[in-house]
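The values are calculated or read from the model by the stated rules, or taken from the named source; none is laboratory data. Quick caveat, the model's predicted, so the values are computed rather than measured. Cβ coordinates were reconstructed from backbone atoms using ideal geometry, including for glycine residues, and neighbour counts include every protein chain displayed.
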Amino acid sequence: MTQYRSKKRFFLACASLLALQIGLAEAASANTVLHGLFMSQAGYSEADVRAMTAAYVKMHPDVTVDLEFVPYESLHDKILLSKGSANGYDVVLYDVIWPAEFATKHILQDVSDRITPDMKSGIEPGAWTTVTYKDREYGLPWLLDSKFLYYNKAILAKAGITAVPTTWPEVIADSKIIKDKGILQYPIAWSWSQAEALICDYAVLLNAYGGQFVDSAGAPAFQTGGGLDALTFMVDSLKSGVSNPHSTEYLEEDVRRVFSAGQAAFALNWSYMWALANNNPKESKIVGQVGVEPAPGVPGKSTISSVNGAMGLGIPTASKNAAAAWDYITYLTSQKVEDAYTADAIPMWKSSFEEPALMNGPLGPMAKAMETTQTQLFPRPFVPNYPQFSAALQTNIQQSLLGKAEPAAALKAAADTITGD
Amino acid sequence: MKLTRTGAVLGYAAMILVGLVVVLPLLWMVIMSVSSTRDLTTLPLHWIPRQLDFSRYHRLLSLAANSDGQTFLFALRNTVEVAIGTTVVSFALALPASWLFARREGRLDKLLMLVVATYMLPPLLFVVPLYHIFSSLSLLNSPLALMIADSTVVLPFTTWLLKGGIDAIPAELEQAAAIDGASLWRIWLAVTLPLARPIISTTILFSVLMVWDEFLYAMIFTSDSSAQTITVAIADLASGRVSDYGLLAAAGILAALPAVIIGACLQRALVAGLTTGGVKG
Amino acid sequence: MLGRRSLFLLLPLFAGLAAVIGWPLLQTVWLSFTDAQLGDATGNFVGLANYAHAFRSHGFRHALGVTITFSLSTVAIEMVLGLLVGLLLDLPLRGRGILRAILIIPWALPTVINAMAWRVIYNPDFGALNALLTQTHIIGAYRSWLGDPGLALASIAGADIWKTFPFVALVTLAGLQNVPRELKEAAYIDGAGPWMRFKTVILPAIATPLMIAAVLRIIDTIKVFDIIWVMTRGGPANATKSLSIMVYEQAFSFGNAGYGAAIALLSVAISVVLIGGYMRATRAQTASA
């Protein structure tokens, strides 16, 4: 009898627990929870994203946003891994090089139909390449970026260089002057570590030398012409001692640290370095001495060079909150928000470049360089197997930079690896 | 046994050399953590800080919303949670089997070898299937998932250590209690466990240390400060998120401190565990 | 009390192992026979194609070479260094208690923190190692410790050895302290030479713990991931790309879950072969001694 009663009590307890859970679930459904995946370096800082999000949530009390910040190096793998996951992300930040892969693997939602004409016409065309694959859009662009040529005005003045170099051969010539005068042992710093950073620097030079990554059929085309010239340029600059040999283990942050310590006359880096190197005495020993220009060209081939380093915000296929996610994305990418956070990133909206507050403010020189560059952002190849493509190039370019292979042989090996897969 | 004079001189010289090799990198971490960023990026390198700067410790030990400190302290909390959970679960699962392995030595040796051999399997082998299992159970980004995953590493080791410890307890003591009619459970509580106390504490400390060290699972299965562990937090800091070496050093020191204290407690046990424990297994 | 029924005591452990190791392992084995992509539940059965691909691939052979080089060199150096320091600590010298206590620190340091610390020390521009070696005129110019393919693997190995030789030293010392003092002194008084004393008194005491330490270290170094991931991620020019880094790249960066699984299983096979060979060698040695 007692046994029976205790069993009954047990069932009662279970039933009430169950009821409680159903109640909880209902309560939760009134409140949408968005999971966002962001990156924690460059562009908008973590603090910026959190502040933007806090403002958004304040306007939408029924929405909660959980943010995750990962290093750039983990971003791609996290997005890929979350595919098919029951509790994945609703909003992901992604790099310009992934839409082809993410579209082919159905990782991102096609949002072409959600995009308004105002967005289409208001945002710089260069930014749109970030989210577009085969004429469909897989999100909204958020950040406009490229690599720029930074220089240390004090060092140039000390070396008696009055005109800022406008071609890559001039950069090398000026660096030789600086080196020969004993001002710096290694005047140029690059991010040539075995990472995507290396491909970005290579893309700038390939663009300057008029090369292309792939031909119209999508087959590797970097192993001849401009692509070969670019790598030869890189290898020669190491051989002649004007490029810092430690570049082969630098990422962008290492370049920034070396440049900000006054240990480099020239550096190639993203737009985020401007505010930190020129305006922030906590981070830099060369505050007020920094100049920035579009990355130079090569006589007879180009006037300036660039690499599209924009990023976009997309909605994973598995998200069940696409509408809410889209609303949040449109808020983050809106001109109003971007104009309010110009300390760390340049807006991508055309009319923002007419704002005197931006063009004449502390970010002015950077904004001007961006204005010139953004009309011709050079893309890395839109291939679905981009990670393999990039890895093969990274390895073989490094082989060549480290003196283990001739540029032509290294690039051929990279092309063979890519086509072999 | 006495040393000759030259022997002693050589011995002390060797001791000093070894001591320096071990201590200098550690000392440099401590110095970096209290040096200003300017001192750390001056060339030639400035070894002695011009002024002491404890701001990184303040930063890391603050719970202000969305600060580095919050990330760090939450990671610390998560690590403790996972360590305790993994240890308790592994211990409970391994103890009965370890006891049987010890008491039926010979007949179950092959089975024990099989268990211990799973230590050879790299975590990378389990990551993809475990990810899908956790995903379907909605366990991703929870300390519980890490407790389960970390058990893949901790279980075999725990079994091995416990078996070795119980080996050293004479079975006759248990048999005497059994004759008195005590149940197996009672014998364990009254005889085995009290006698096995040293090996139990060793096992627990080892297990905590292994969880403290775990990185791959934590990196892949967690996504924010609600479950991220200390190794992931440190690796994130080191991967370019922070350009301040002093902050890295301070975070490293704070995160390593609990592990080092556990290590110090283990000093004797490490020795005993490896010389007696499981050797015959 | 140890009847057949007592086998139920194995149940908790084996149920646990089956859930967290057995089941995922079976899935990985299955994956390795498919062309499954990350995120897709199933792939097509491709038989041994992934394994065949691995053996033909230059990348796999290279990663295999890196892994074995790293494993054998770090374990060998750790064992020798640890043995010597263990012997040193057994000498009647003052202050050895302090040294022994200090040795605990590197051993207990989490791998990721050790890797991070050494990455900072090896930094080519602001790192302490370059500063120390140039200021003491041991090297003339700053070097790129982790950026030079000839140095990177050795630099990582250095960081690993620094962390792990203390473990071997402490294990050696533990073995030595099990030897009765009288026995050591007797051998000394008998006029046995140092080699003879080592072979007859010391070696038997430390052989087993050292062998276990070596096996554990071989396993750990074949699995090596954390330290390389934090220090170089496999660069420069793949000079530090171990099998585990390759597995990660294939499975997570490229999404080739099936191929990644095959390489991970091959790395286990290598562990088994290495440890088997090592056990055979040490057994032969002890038998002949």
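Got a sec? Which of B:148, B:230, B:234, B:204 is aliphatic (A, V, I, L, M) and either more than 23 Å from residue B:79 (Cβ to Cβ) or more than 10 Å from chain C (Cβ to nearest Cβ) (or both)?
Numbers: B:148 fails: either more than 23 Å from residue B:79 (Cβ to Cβ) or more than 10 Å from chain C (Cβ to nearest Cβ) (or both); B:230 fails: either more than 23 Å from residue B:79 (Cβ to Cβ) or more than 10 Å from chain C (Cβ to nearest Cβ) (or both); B:234 fails: either more than 23 Å from residue B:79 (Cβ to Cβ) or more than 10 Å from chain C (Cβ to nearest Cβ) (or both).
That would be B:204, the only listed residue that is aliphatic (A, V, I, L, M) and either more than 23 Å from residue B:79 (Cβ to Cβ) or more than 10 Å from chain C (Cβ to nearest Cβ) (or both).
Determine the pairs where a residue that is among the charged types (D, E, K, R), located within region A:184-207, has a partner that is assigned to a loop (DSSP other than H, G, I, E, B) with Cβ atoms under 9 Å apart, the partner being 6 or more residues away or on another chain.
From residues that are among the charged types (D, E, K, R), the pairs are A:196/A:97; A:196/A:380; A:201/A:147; A:201/A:190; A:201/A:191; A:201/A:192; A:201/A:307.
Please work out which one of (1) over 19 Å from residue A:107 (Cβ atoms); (2) buried (at least 22 other Cβ atoms within 10 Å of the Cβ); (3) touching a residue at least 60 places away in the same chain (Cβ under 8 Å) is the condition residue A:325 fails and give its number.
(1)
Of all residues in region C:1-18 being more than 7 Å from chain B (Cβ to nearest Cβ) and at pLDDT below 80, which is surrounded by the most Cβ atoms within 10 Å (Cβ to Cβ)?
Ranking the qualifying residues of region C:1-18, first place goes to C:5.
Restricting region C:226-259 to residues that are in a loop (DSSP other than H, G, I, E, B) and without any contact (Cβ under 8 Å) to a residue 60 or more places away in the chain, which is surrounded by the fewest Cβ atoms within 10 Å (Cβ to Cβ)?
The initial filter retains those residues of region C:226-259 that are in a loop (DSSP other than H, G, I, E, B), namely C:232-242, C:254-256.
Narrowing the set further to residues that are without any contact (Cβ under 8 Å) to a residue 60 or more places away in the chain leaves C:233-234, C:254.
Values: C:233: 18, C:234: 26, C:254: 22.
Result: C:233.
Where residues in region A:284-318 are surrounded by fewer than 22 Cβ atoms within 10 Å (Cβ to Cβ) and assigned by TED's automatic domain parsing to the domain that holds residue A:347, which of them is farthest from the chain's Cα centre (by Cα)?
Across region A:284-318, the extreme among qualifying residues is A:318.
On the basis of being within 21 Å of the chain's Cα centre (by Cα), aromatic (Phe, Trp, Tyr) and either under 18 Å from residue A:82 (Cα atoms) or facing chain C (nearest Cβ under 8 Å) (or both), does residue B:131 make the cut? Spell out the reasoning first.
On the way: within 21 Å of the chain's Cα centre (by Cα): no; aromatic (Phe, Trp, Tyr): yes; either under 18 Å from residue A:82 (Cα atoms) or facing chain C (nearest Cβ under 8 Å) (or both): yes.
Taking the combined requirement at face value, the residue does not satisfy it.
Looking at the structure I just gave you, is residue A:127 in contact (Cβ under 8 Å) with a residue 60 or more places away in the chain and surrounded by fewer than 19 Cβ atoms within 10 Å (Cβ to Cβ)? Let's see the steps before the verdict.
Details: in contact (Cβ under 8 Å) with a residue 60 or more places away in the chain: yes; surrounded by fewer than 19 Cβ atoms within 10 Å (Cβ to Cβ): no.
No, not satisfied.
Kindly evaluate residue B:189 against the criterion of being farther than 18 Å from residue B:218 by Cβ, assigned to a helix (DSSP H, G or I), free of Cβ contacts under 8 Å to residues at least 24 places away in the same chain and away from chain C (no Cβ under 12 Å).
Details: farther than 18 Å from residue B:218 by Cβ: yes; assigned to a helix (DSSP H, G or I): yes; free of Cβ contacts under 8 Å to residues at least 24 places away in the same chain: yes; away from chain C (no Cβ under 12 Å): yes.
Answer is yes for this residue.
Any idea which of A:365, A:356 is surrounded by fewer than 23 Cβ atoms within 10 Å (Cβ to Cβ), at pLDDT 90 or above and more than 24 Å from residue A:140 (Cα to Cα)? Spell out how you get there, then give the answer.
Working: A:356 fails: at pLDDT 90 or above.
It is A:365.
Scan the helices (runs of 4 or more DSSP H) fully inside region B:1-81 and keep the ones with 3 or more residues being at the interface with chain C (Cβ under 10 Å from one of its Cβ atoms) and of a type outside the set (Val, Ile, Thr). Before the answer, list the steps.
Numbers: elements: B:5-33, B:37-40, B:55-60.
By residue number, B:5-33.
Would you confirm whether any residue within region A:338-348 is outside the structural domain of residue A:210 (by TED's automatic domain parsing), among the aliphatic types (A, V, I, L, M), out of contact with any Phe, Trp or Tyr (no Cβ under 8 Å at 6 or more places or on another chain) and part of a loop (DSSP other than H, G, I, E, B)? If you could, list the steps in order and put the result at the bottom.
Step one: list which residues in region A:338-348 are outside the structural domain of residue A:210 (by TED's automatic domain parsing), which gives A:338-348.
Adding the requirement that they be among the aliphatic types (A, V, I, L, M) leaves A:340, A:343, A:345-346, A:348.
Those left that are additionally out of contact with any Phe, Trp or Tyr (no Cβ under 8 Å at 6 or more places or on another chain): A:340, A:343, A:346.
Now narrow it down to the ones that are part of a loop (DSSP other than H, G, I, E, B): A:343, A:346.
Checking region A:338-348: at least one residue is outside the structural domain of residue A:210 (by TED's automatic domain parsing), among the aliphatic types (A, V, I, L, M), out of contact with any Phe, Trp or Tyr (no Cβ under 8 Å at 6 or more places or on another chain) and part of a loop (DSSP other than H, G, I, E, B).
What are the residues in region C:163-182 that are part of a helix (DSSP H, G or I), within 16 Å of residue C:83 (Cβ to Cβ) and not polar (S, T, N, Q), if any?
Our first condition is that a residue be part of a helix (DSSP H, G or I); within region C:163-182, this holds for C:163-177, C:181-182.
If we keep only those that are within 16 Å of residue C:83 (Cβ to Cβ) as well, we get C:164-177.
Scanning region C:163-182 gives C:165, C:166, C:167, C:168, C:169, C:170, C:171, C:173, C:174, C:175, C:176.
Among the helices (runs of 4 or more DSSP H) confined wholly to region B:103-176, which include 1 or more residues that are within 17 Å of residue B:215 (Cβ to Cβ) and in contact (Cβ under 8 Å) with a residue 60 or more places away in the chain?
Details: elements: B:109-117, B:124-136, B:143-167.
By residue number, B:124-136, B:143-167.
Against the condition touching a helix residue (DSSP H, G or I) at 6+ places or on another chain (Cβ under 8 Å), surrounded by 21 or more Cβ atoms within 10 Å (Cβ to Cβ) and more than 8 Å from every other protein chain (Cβ to nearest Cβ), how does residue A:268 come out, does it pass?
Numbers: touching a helix residue (DSSP H, G or I) at 6+ places or on another chain (Cβ under 8 Å): yes; surrounded by 21 or more Cβ atoms within 10 Å (Cβ to Cβ): yes; more than 8 Å from every other protein chain (Cβ to nearest Cβ): yes.
Taking the combined requirement at face value, the residue satisfies it.
Give just the number: which of (1) in contact (Cβ under 8 Å) with a residue 60 or more places away in the chain; (2) closer than 30 Å to residue C:101 by Cα does residue C:182 not satisfy?
Unmet for residue C:182, out of (1) in contact (Cβ under 8 Å) with a residue 60 or more places away in the chain; (2) closer than 30 Å to residue C:101 by Cα: (1).
Consider residue B:90 against the criteria (1) surrounded by 19 or more Cβ atoms within 10 Å (Cβ to Cβ); (2) more than 9 Å from chain C (Cβ to nearest Cβ); (3) of a type in the set (Ser, Thr, Tyr); (4) in contact (Cβ under 8 Å) with a residue 40 or more places away in the chain: it satisfies all of them except one. Which criterion is unmet?
Looking at each condition in turn, residue B:90 falls short on (2).
Does residue C:36 count as within 14 Å of chain A (Cβ to nearest Cβ), buried (at least 19 other Cβ atoms within 10 Å of the Cβ) and not in a helix (DSSP H, G or I)? Walk me through it before giving the result.
Working: within 14 Å of chain A (Cβ to nearest Cβ): yes; buried (at least 19 other Cβ atoms within 10 Å of the Cβ): yes; not in a helix (DSSP H, G or I): yes.
The answer is yes for residue C:36.
Kindly list the number of the only condition in (1) closer than 14 Å to residue A:48 by Cβ; (2) hydrophobic (A, V, I, L, M, F, W, C); (3) without any contact (Cβ under 8 Å) to a residue 24 or more places away in the chain that fails for residue A:345.
Exception for residue A:345: condition (3).
If the requirement is being in contact (Cβ under 8 Å) with a residue 24 or more places away in the chain and closer than 16 Å to residue B:17 by Cα, which of these qualifies: C:132, C:93, C:99, C:83? Spell out the reasoning first.
Details: C:132 fails: in contact (Cβ under 8 Å) with a residue 24 or more places away in the chain; C:93 fails: in contact (Cβ under 8 Å) with a residue 24 or more places away in the chain; C:99 fails: in contact (Cβ under 8 Å) with a residue 24 or more places away in the chain.
Going through C:132, C:93, C:99, C:83 in turn, the sole match is C:83.
Residue-by-condition table, conditions (1) surrounded by fewer than 15 Cβ atoms within 10 Å (Cβ to Cβ); (2) more than 20 Å from residue A:377 (Cα to Cα); (3) in contact with a Pro (Cβ under 6 Å, 6 or more places away or on another chain); (4) at pLDDT below 95:
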position: A:156; (1), (2), (3), (4): no, yes, no, no
position: A:170; (1), (2), (3), (4): no, yes, no, no
position: A:199; (1), (2), (3), (4): no, no, no, no
position: A:207; (1), (2), (3), (4): no, no, no, no
position: A:242; (1), (2), (3), (4): no, yes, yes, no
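Each row is one residue, and each column tells you yes or no for (1) crowded, with 16+ Cβ neighbours inside 10 Å; (2) on the phi > 0 side of the Ramachandran plot; (3) within 14 Å of chain C (Cβ to nearest Cβ); (4) touching an Asp or Glu at 6+ places or on another chain (Cβ under 6 Å).
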residue: A:160; (1), (2), (3), (4): no, yes, no, no
residue: A:163; (1), (2), (3), (4): no, no, no, no
residue: A:177; (1), (2), (3), (4): yes, no, no, no
residue: A:186; (1), (2), (3), (4): yes, no, yes, no
residue: A:194; (1), (2), (3), (4): yes, no, yes, no
residue: A:218; (1), (2), (3), (4): no, yes, no, no
residue: A:229; (1), (2), (3), (4): yes, no, no, no
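In this structure, is residue B:59 among the charged types (D, E, K, R) and surrounded by fewer than 17 Cβ atoms within 10 Å (Cβ to Cβ)? Show your work before the answer.
Values: among the charged types (D, E, K, R): yes; surrounded by fewer than 17 Cβ atoms within 10 Å (Cβ to Cβ): no.
No, not satisfied.
Any idea which of C:96, C:143, C:61 is closer than 30 Å to residue A:259 by Cα and basic (Lys, Arg)?
On the way: C:96 fails: closer than 30 Å to residue A:259 by Cα; C:61 fails: closer than 30 Å to residue A:259 by Cα.
Sole residue among the options that is closer than 30 Å to residue A:259 by Cα and basic (Lys, Arg): C:143.
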